[in-house]
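Reviewing the structure listed below.
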Amino acid sequence: MPPIANDPMDVFAKLDLKTIALLLDVDGTIIDIGPSPSEVHVSDALLQSLKRLFDLTGGAVALVSGRPIADLDRLFSPLRLPSVGGHGAEMRLDENKVFFFAKPLPEDLRKRLADPAALSPGVLVEDKKYSLVLHFRGAPKEEERLGRHMMACRAAFPGEPTELLLGKAMFEILRPGISKGESIRKLMAHPPFSGRMPVFIGDDVTDESVFRVLPEIGGKGFSVNRHFPGLTGIFKNPAQVRDALNTLVANGQTAA
């Protein structure tokens, strides 16, 4: 296993935009985590960098997120980038067709999970239809109780296959078999991604499946302030990632 680079900026800056595919997690990676999923900021400078990288790679730039693709389109408007949404539950290769790899959770299960009587002030509900998230960043002391609530709700629907996903100050109930890693494997089989080296940046345990898949598909993995096996480099924070993307744009324009 190659050692992790001391300076991820240096390694990242040497990537060739003509031969790589950039796969970018969103929250905590290219944008700063906000108080809630709706309270985040995507700067004009980041939009410009992503647009230039999309052009310089021939379209081989994709967002890879736990957010639904419709939410990504809203955040990054007017850009509509190729995307993997819902931790791999949906994928879009171009501006049009979205592929869905999971069916919605039953409405009764989602209502039970989001029951206000069972939730404390500060807990935010994010209903993605095929999954449901409880964010407890605003109520960190509720983590253990929310975990028990999620498990009890799953037990109340024994005929519905579900998994519990733990992330940064959140619990998510979703269909089993949904994986960012497997969706990236599918993405890389299609142009303009096929034949390129995947380069992924992520920040959370929800990205572990990608880091596991990357060695099998000849990719490189970078994280943000967290260690995972097999990484090429670790960025300090999303601001440094944005600086690295800007550097890639500058280098790509010079090469062009």
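Every read-out reported here was derived from the displayed coordinates using simple, explicitly stated rules and does not represent laboratory data. As the structure is a prediction and not an experimental result, all values here were calculated from the model. Virtual Cβ from ideal backbone geometry, glycine too; neighbours counted across all protein chains shown.
Can you compute the helix-only [θ] at 222 nm over the chain? Use -39500 (n - 2.57) per DSSP H run of at least 4 residues, normalise by all residues, nearest 500 deg cm²/dmol.
Details: 8 runs with 78 residues, N = 256.
Dividing the helical sum by the residues of the chain leaves -9000 deg cm²/dmol.
How many angstrom separate the Cα center of the stretch 9-30 from the Cα center of the stretch 227-242?
10
When ranked by the protection proxy of mean other Cβ atoms within 10 Å per residue, highest first, what sequence do the peptides 103-111, 185-193, 23-31 form? Please list the in-between numbers first.
Details: 103-111: 14.4, 185-193: 16.9, 23-31: 23.7.
Result, highest mean first: 23-31, 185-193, 103-111.
Calculate, axis by axis, the spread of Cα positions in the stretch 54-138 along the three principal axes, and write the results as whole Å, longest axis first.
Principal extents (largest minus smallest coordinate, Cα): 50, 28, 17 Å.
Using Cα pairs closer than 8 Å and at least 6 residues apart in sequence, work out the relative contact order for the stretch 107-174, in percent. Show your work: numbers first, answer last.
On the way: 85 pairs, mean separation 21.9, N = 68.
Computed over the stretch 107-174, the figure is 32 percent.
Mind checking the dipole of the stretch 85-237: about its Cα centre, +1 per Lys or Arg Cβ, -1 per Asp or Glu Cβ, Debye to the nearest 20?
Numbers: 23 positive and 20 negative charges, 39 e Å.
My answer is approximately 180 debye.
Taking the highest mean first, how do the peptides 133-139, 63-69 order by number of other beta carbon atoms within 10 angstrom per residue? Write down the numbers at each step before the final one.
Numbers: 133-139: 19.1, 63-69: 24.6.
With the highest mean Cβ count within 10 Å placed first, the list reads 63-69, 133-139.
For the stretch 5-73, state the average projected area of the convex hull of the C-alpha atoms over all orientations, rounded to one decimal in nm².
Working: hull surface 22.3 nm².
Mean projected area of the Cα convex hull: 5.6 nm².
How large is the charge dipole for the chain, taken about the Cα centre, if only the Cβ atoms of Lys, Arg (+1) and Asp, Glu (-1) carry charge, to the nearest 20 debye?
That gives a dipole near 360 debye.
Using all alpha carbons of the stretch 107-174, what is the percent of pairwise distances in each 10 Å bin, ordered from the shortest bin to the longest?
Per 10 Å bin, starting at zero, the Cα-Cα P(r) for the stretch 107-174 comes out as 21, 62, 16, 0 percent.
May I ask you to evaluate 6.51 cos²θ - 1.76 cosθ + 1.60, the Karplus curve with θ = phi - 60°, for each residue of the stretch 111-118 and list the ³J(HN,Hα) values in order in whole Hz, giving x for glycine and proline?
Couplings: 5, 5, 4, 9, 4, x, 5, 9 Hz.
I need Val11, Val123, Val241 ordered by Cβ neighbour count within 10 Å, fewest first.
On the way: Val11 16, Val123 21, Val241 26.
Final ranking by Cβ density, sparse to dense: Val11, Val123, Val241.
Please compute the volume of the convex hull spanned by the alpha-carbon atoms of the stretch 124-256 and report it per residue in Å³.
Roughly 153 Å³ of hull volume per residue.
Would you work out the relative contact order for the stretch 91-247, in percent, from Cα pairs under 8 angstrom that are 6 or more residues apart?
Averaging sequence separation for qualifying contacts and normalising by length gives 15 percent for the stretch 91-247.
Of Ala139, Cys153, Met170, which is farthest towards the positive pole of the stretch 107-174's charge dipole, taken about the Cα centre with +1 and -1 on the beta-carbons of Lys, Arg and Asp, Glu respectively?
Towards the positive end, the residue furthest out is Ala139.
How are the alpha carbon pair distances in the chain distributed across 10 Å bins from zero to the largest one, expressed in percent?
So the P(r) values, bin by bin, are 7, 31, 36, 19, 7, 1.
Quickly rank 195-206, 46-57 as a protection proxy: mean count of other C-beta atoms within 10 Å, highest first. Show your work: numbers first, answer last.
Numbers: 195-206: 21.2, 46-57: 18.4.
The densest-packed peptide leads the list: 195-206, 46-57.
Which of the aspartates and glutamates could be linked to Lys103 by a straight reach, that is with a Cα gap under 15 Å, when you skip same-chain ones fewer than 8 residues away?
Hits, sequence-local ones excluded: Glu90, Asp127, Glu160, Glu163.
List the aspartates and glutamates whose Cα sits under 18 Å from the Cα of Lys220, skipping any in the same chain fewer than 8 residues away.
Qualifying aspartates and glutamates at Cα under 18 Å: Asp7, Asp10, Asp16, Asp25, Glu182, Asp203, Asp204, Asp207, Glu208.
So for the chain, taking the charge dipole from beta-carbon charges (+1 Lys/Arg, -1 Asp/Glu), which of Val40, Ala244, Leu23 sits furthest toward the positive end?
Leu23
Rounded to the nearest 20 debye, what is the charge dipole size of the stretch 107-174 about its Cα centre when +1 sits on each Lys and Arg Cβ and -1 on each Asp and Glu Cβ? Write out the running numbers ahead of the final one.
On the way: 11 positive and 11 negative charges, 26 e Å.
Using Cβ point charges on Lys, Arg, Asp and Glu, the stretch 107-174 gives about 120 debye.
Choose one of Leu231, Ile184, Val11: the residue whose Cα lies farthest towards the positive end of the charge dipole of the chain (beta-carbon charges +1 Lys, Arg; -1 Asp, Glu; about the Cα centre).
Ile184
Where Rh is the Kirkwood radius over the Cα pairs of the stretch 21-170, the temperature 4 °C and the viscosity 1.567 mPa s, what D in µm²/s does Stokes-Einstein return? If you can, show how the numbers build up before the last one.
Values: Rh = 16.7 Å.
D, rounded to a whole number, is 77 µm²/s.
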